[in-house]
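The block underneath contains the structure these notes are about, expressed in structure tokens.
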Amino acid sequence: MQAPADVEYLVREYLKPLAGVPVSSKMTNDKNFLVAFSLGGPEATLVSGRPRLVFDCYGEREALAIKLAQRVWGLVKGLDGLFLDGVQFYEVEANLPVNLPHPDKPTLFRYQFNAAIHVHHAVIA
């Protein structure tokens, strides 16, 4: 049987050793960090989906935030064609990063982008 893959988890785990900052699904107390979470998304075919993930790249300085966003954007685009933990990644459509200050974190800079990631469903028992 097949079911939607946990793309949010797979992408966060892929980014953790590569991003150079803490990666989580929620805000942290760090000065430089990445928050990555899913907004859901449509089924693309009978055996694949296209979830949309949001990437919030925080930095204590604007230059750090945009550099992080550029790095993460490149890593996310690099998912195209990868096979991670039994899940095939296909096309990755990422929007360009935008400066989007967070009202609850006025001392930090945030650049945000999102990506629709076409993936094959996971095989489950």
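The values are calculated or read from the model by the stated rules, or taken from the named source; none is laboratory data. Note that the structure is a prediction, hence the values are computed from the model and not measured. Here the Cβ is made from the backbone with ideal geometry for all residues, glycine too, and neighbour counts use every protein chain on show.
Data table
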{"read-out": "Scope the stretch 24-79; condition assigned to a strand (DSSP E or B), crowded, with 16+ Cβ neighbours inside 10 Å and over 12 Å from the mean Cα position of the chain (by Cα); matching residues", "value": "PHE33, ALA44, SER48, GLY49, TYR58, GLY59"}
{"read-out": "Single condition THR28 does not satisfy, out of (1) farther than 12 Å from ARG110 by Cβ; (2) in contact with a helix residue (DSSP H, G or I) (Cβ under 9 Å, 6 or more places away or on another chain)", "value": "(2)"}
{"read-out": "Of residues in the stretch 10-39 being over 14 Å from LEU84 (Cα atoms), among the aliphatic types (A, V, I, L, M) and in contact with a strand residue (DSSP E or B) (Cβ under 9 Å, 6 or more places away or on another chain), the one modelled with the lowest pLDDT", "value": "MET27"}
{"read-out": "Residues within the stretch 105-124 that are touching a residue at least 12 places away in the same chain (Cβ under 8 Å), outside any strand (DSSP E or B) and not aliphatic (A, V, I, L, M), tallied", "value": "3"}
{"read-out": "Tabulated pairs, the stretch 1-27, first over 15 Å from VAL72 (Cα atoms), second among the charged types (D, E, K, R) and not in a loop (DSSP other than H, G, I, E, B), C-beta under 9 angstrom, 6+ apart or interchain", "value": "PRO4/GLU43; MET27/ASP56"}
{"read-out": "Residue that is farthest from ASN95 (Cα to Cα), among those in the stretch 4-23 that are of a type in the set (Asp, Glu) and surrounded by 15 or more Cβ atoms within 10 Å (Cβ to Cβ)", "value": "ASP6"}
{"read-out": "Some residue of the stretch 6-19 being within 13 Å of the chain's Cα centre (by Cα) and in a strand (DSSP E or B)", "value": "no"}
{"read-out": "Candidate set: the stretch 31-42, residues that are in contact (Cβ under 8 Å) with a residue 24 or more places away in the chain and of a type outside the set (A, V, I, L, M, F, W, C); chosen: the one farthest from ALA115 (Cα to Cα)", "value": "LYS31"}
{"read-out": "The stretch 91-104, residues that are crowded, with 16+ Cβ neighbours inside 10 Å, in contact (Cβ under 8 Å) with a residue 24 or more places away in the chain and in a strand (DSSP E or B)", "value": "VAL92"}
